[in-house]
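What follows is a single structure, written as structure tokens, with notes after it.
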Amino acid sequence: MTPMNETVYAIWNTTAGGDSLSAYSGDYSGSYWPSQPPENIFDGNLTTDFTSHGVCNYFLVSLICGQNTGFYFTPRSGSMIVAGFRLGTNNYDSSRDPLTVTIEGSNSNECVLTLGSRWTLIYNGSSGLLSSTNQGQWGTIQVLSGPFVRFSSFRFLVTTKRGVQSSTAYSEYQLIYY
């Protein structure tokens, strides 16, 4: 599944089970690169990226830049049970690629999805990009082991990235579901 035209909410300074902070377009802490918004991850194009700075800014480079950033969305196609996912690498520098991620599910109304208590952890592990170092390519499919529960919204967070850089970035996000 590649959801097209989904409404995607960029977040930062967020951990699994924690409350979300909204990210904004810019080049400072808490922002995503203006020409690389979160909608790019659902555009079906491996040559566009979503780039998020996290606690850093465009000029600061560190291993922690881009950590605890991500997005949440409610699929227009309705609730689903997620069985796996895959990511596309970014198009600039492999050190920005996420290496570990979390995925959470929720059945709450969209107006309360910033509250961490509304999310259930369904995955904590590899992004599937460990051996994918070329730009703009698919990583390996990551299979979830449960809980296999139908959720209406999903939250994705980057917990670590490959190297020292000012942000984390990835080109696509696909869910495998039923």
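The values are calculated or read from the model by the stated rules, or taken from the named source; none is laboratory data. It should be emphasised that the depicted structure is a prediction, and the values quoted were computed from it without experimental measurement. For neighbour counting, all protein chains shown are included, and Cβ atoms are generated from backbone atoms with ideal geometry for every residue, glycine included.
Each row is one residue, and each column tells you yes or no for (1) modelled with pLDDT of 95 or more; (2) over 16 Å from the mean Cα position of the chain (by Cα); (3) over 19 Å from Glu6 (Cβ atoms).
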{"position": "Asn124", "(1), (2), (3)": "yes, no, yes"}
{"position": "Gln135", "(1), (2), (3)": "no, yes, yes"}
{"position": "Arg162", "(1), (2), (3)": "yes, no, yes"}
{"position": "Glu172", "(1), (2), (3)": "yes, no, no"}
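Could you please let me know if Asn107 is crowded, with 16+ Cβ neighbours inside 10 Å, without any contact (Cβ under 8 Å) to a residue 60 or more places away in the chain and within 21 Å of Thr120 (Cα to Cα)? Taking the combined requirement at face value, the residue does not satisfy it. Taking the criterion of being of a type outside the set (Ser, Thr, Tyr) and assigned to a loop (DSSP other than H, G, I, E, B), the residues of the range 3-16 that qualify are Pro3, Met4, Asn5, Glu6, Asn13, Ala16. Do you know which residues across the range 71-88 are assigned to a loop (DSSP other than H, G, I, E, B), of a type in the set (Ser, Thr, Tyr) and touching a Lys or Arg at 6+ places or on another chain (Cβ under 9 Å)? The answer is Ser79, and nothing else.
With respect to (1) surrounded by fewer than 18 Cβ atoms within 10 Å (Cβ to Cβ); (2) within 13 Å of the chain's Cα centre (by Cα), the lone exception for Thr102 is condition (1). For the condition among the small types (Gly, Ala, Ser), more than 21 Å from Tyr9 (Cβ to Cβ) and buried (at least 16 other Cβ atoms within 10 Å of the Cβ), Gly54 does not qualify.
For the range 73-90, filtered to residues that are surrounded by fewer than 23 Cβ atoms within 10 Å (Cβ to Cβ) and in contact with a Ser or Thr (Cβ under 6 Å, 6 or more places away or on another chain), the residue that is farthest from Ser31 (Cα to Cα) is Ser79.
Condition check for Thr168 on (1) touching a residue at least 40 places away in the same chain (Cβ under 8 Å); (2) over 14 Å from the mean Cα position of the chain (by Cα); (3) buried (at least 17 other Cβ atoms within 10 Å of the Cβ); (4) within 18 Å of Thr15 (Cβ to Cβ): one failure, at (2). The residues in the range 129-170 that are farther than 22 Å from Leu60 by Cα, assigned to a loop (DSSP other than H, G, I, E, B) and either touching a helix residue (DSSP H, G or I) at 6+ places or on another chain (Cβ under 8 Å) or not charged (D, E, K, R) (or both) can be counted, and the count is 19.
From the list Leu21, Leu63, the lone residue that is more than 27 Å from Gly146 (Cβ to Cβ) and either within 16 Å of the chain's Cα centre (by Cα) or surrounded by 17 or more Cβ atoms within 10 Å (Cβ to Cβ) (or both) is Leu21.
Could you check the range 17-70 and list, in sequence order, the residues that are within 20 Å of Thr160 (Cα to Cα) and in a strand (DSSP E or B)? Passing the criteria: Leu21, Ser22, Ser31, Tyr32, Phe50, Thr51, Ser52, Ser62, Thr69, Gly70.
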